[in-house]
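**Student:** Below you'll find the structure I mean.
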Amino acid sequence: MKKLIFPAMLLAAACMVPAPVRADDTPLAKEMEAMDDAYKAFRRETDPAKGAKAAREAQESVLKAIPLVPAMVEKMPAGEAKDKAIASYRTQMGKLFVSLCEVEAAFVAKDLAKVATLVDTLKGQKKEGHNEFIEDEE
């Protein structure tokens, strides 16, 4: 019986320790995930109505994400560098919103070739943003 008490107390203590907040648990990560889901829905969509709807869903996620700050930037000390990083993030998100509006317009015009071109542009924007605002996990 005594041999079971210590492991039980250890387990109980471990359950009481708060779990650290992971980067994918943040409001920004949730919006980015919703945007990625919408992107996956429209990137190969051939039905213009469905594609335009998915593009609008991605736009909504971008609008919700603009006032948020990436964790990497949040950790920076207050000052000019942080202010510039926040401005850069918001500028990139604004450009992303415009690109998603162009995707919606291409779907409405039933121009699937233009949608494909715009999807390639979005891939580049995603890579650029992630390179600048996501820390490498080691």
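**Student:** If Lys and Arg each add +1 and Asp and Glu each add -1, what is the summed charge of the other residues whose beta carbon sits under 12 Å from the beta carbon of Leu118?
**Tutor:** Neighbourhood net charge equals -1.
**Student:** Something else: Using the Cα centre as the reference, give the magnitude of the dipole from point charges on the C-beta atoms of the stretch 24-131 (Lys, Arg: +1; Asp, Glu: -1; all else neutral), rounded to the nearest 20 debye.
**Tutor:** In total the dipole reaches around 220 debye.
**Student:** Sorted by packing (mean other beta-carbon atoms within 10 Å per residue), highest first, where do 108-118, 78-88, 35-45, 50-60 land?
**Tutor:** 50-60, 35-45, 108-118, 78-88
**Student:** Looking at the square roots a ≥ b ≥ c of the eigenvalues of the Cα gyration tensor of the stretch 24-131, which shape do they give, rounded for a/c under 1.5, prolate if a/b is larger than b/c, or oblate?
**Tutor:** Prolate, since a/c reaches 1.5 and a/b exceeds b/c.
**Student:** Something else: May I ask which residue of Leu63, Ala52, Val73 lies farthest towards the positive end of the charge dipole of the stretch 22-77, with charges of +1 (Lys, Arg) and -1 (Asp, Glu) on Cβ and the Cα centre as origin?
**Tutor:** Result: Ala52.
**Student:** Can I ask one more? So which of Lys75/Lys114; Lys50/Lys84; Lys30/Lys50; Lys84/Lys114 end up more than 29 Å apart by C-alpha?
**Tutor:** Lys75/Lys114; Lys50/Lys84; Lys84/Lys114
Values in this text are rule-based calculations from the coordinates and carry no lab data. Small disclaimer: the values here were computed from a predicted structure and weren't measured. All Cβ positions, glycine included, derive from the backbone under ideal geometry; neighbour counts span all protein chains shown.
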